[in-house]
Amino acid sequence: MKLALSEIWFYLNEDIREDILLECQLLLLSFATGIQDAAAWPDYACFASNQTGNTLFLAIGVAGLANNAYSFPNIGMSLGMFVSGGLVMGQLGNWLGVRRRLWLLLSSIIQTVLVLVAMIVQYAVPRKPEGPAALGVIACLAFSSGAQVAMSRSLKITEITTAMATAAYVDVVVDPGLLKLHNRLRNRRVMFLVMLTAGCFVGAFAVRAVNSSFALVWCAAGKSVVTVSLLGNKCIQKNPSRR
């Protein structure tokens, strides 16, 4: 029993390596991000992940130019909780080890649970564009998004940010090897944009067909798949003493 527990503990404390599985996991998270933002905007007039847009809306609101087009508190909550998620989870990752399997599992579980909590609140409380329930849903989604981006950026696969599309569009078109047959970095950026865009469309049509809670179910499902699949990532190197 002790040997089995020791083996499990060793396995959980391995640093995972960069490979095609890790790329696919980040791409699936990108897909989930698209769904999440598409679900948040129609109900709350703010983004859970796209903080460039929220920052602009915040400035417009402060300048008095919003004309009630969106909720100033919702924007502020999303921006604040996104930064908080990145700060808290990013620094915890630095302390525990950003590639450590145990940390990646814990971070992914927290992110997924927060999406599920947001979905449950939407089901349990009458949906309104503003108010405590709306702020609670936004807080959960934005903190989860900040944690996700902090996790993905710490893994140093910079071509797949899981959230920000603007730089990826530019990086693709300015790539000197854009037309080369074999260009892994270009392929990563293109697939990231494809998955993020696909997630936006899936989320938007899920909201239109049913509601935003239904879209969040798909977001949580994608993140759950990533969480479970983290058990299958290979480590960077094996411990020589483990034979």
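The values are calculated or read from the model by the stated rules, or taken from the named source; none is laboratory data. No experiment lies behind these values; they were computed from the predicted model shown. FYI the Cβ positions are ideal-geometry reconstructions off the backbone, even for glycines, and counts take in every protein chain you see. The area values use the complete protein model at the heavy-atom level, side chains included, leaving out ligands, DNA and RNA. Shrake-Rupley method; radii C 1.70, N 1.55, O 1.52, S 1.80 Å.
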**Report entry** Condition broken by Met195, with the remaining ones in (1) surrounded by 19 or more Cβ atoms within 10 Å (Cβ to Cβ); (2) over 22 Å from the mean Cα position of the chain (by Cα) satisfied
**Finding:** (2)
Query raised in the report: Applying the selection to the stretch 112-138, what residues are under 15 Å from the mean Cα position of the chain (by Cα), open to solvent by less than 20 Å² (accessible area, probe 1.4 Å) and aliphatic (A, V, I, L, M)?
Result: Val115, Ala118, Ile138
Query - Where a residue in the stretch 39-54 is among the charged types (D, E, K, R) and its partner, wherever it lies, is in a helix (DSSP H, G or I) and open to solvent by less than 20 Å² (accessible area, probe 1.4 Å), with Cβ under 6 Å and at least six apart - result: Asp43/Ser212
Query - Residue, farthest from Leu106 (Cα to Cα), within the stretch 149-182, restricted to residues that are open to solvent by less than 100 Å² (accessible area, probe 1.4 Å) and among the hydroxyl-bearing types (Ser, Thr, Tyr) - result: Thr158
Query raised in the report: In the stretch 183-190, is there at least one residue being free of Cβ contacts under 8 Å to residues at least 60 places away in the same chain, under 18 Å from Gln148 (Cα atoms) and surrounded by 18 or more Cβ atoms within 10 Å (Cβ to Cβ)?
Result: yes
Query - Wholly within the stretch 45-163, helices (runs of 4 or more DSSP H) carrying at least 1 residues that are in contact with a Leu (Cβ under 8 Å, 6 or more places away or on another chain) and modelled with pLDDT of 95 or more - result: 72-96, 101-124, 132-154
Report task. Looking only at the stretch 4-44, count how many residues are crowded, with 19+ Cβ neighbours inside 10 Å and part of a loop (DSSP other than H, G, I, E, B). Result -> 1
Report summary line: Of the residues in the stretch 139-148 that are among the small types (Gly, Ala, Ser) and more than 30 Å from Arg17 (Cβ to Cβ), the one that is surrounded by the most Cβ atoms within 10 Å (Cβ to Cβ) is Ala142
Report summary line: When every residue in the stretch 1-44 that is aromatic (Phe, Trp, Tyr) and under 21 Å from Ser224 (Cα atoms) is compared, the one modelled with the lowest pLDDT is Tyr11
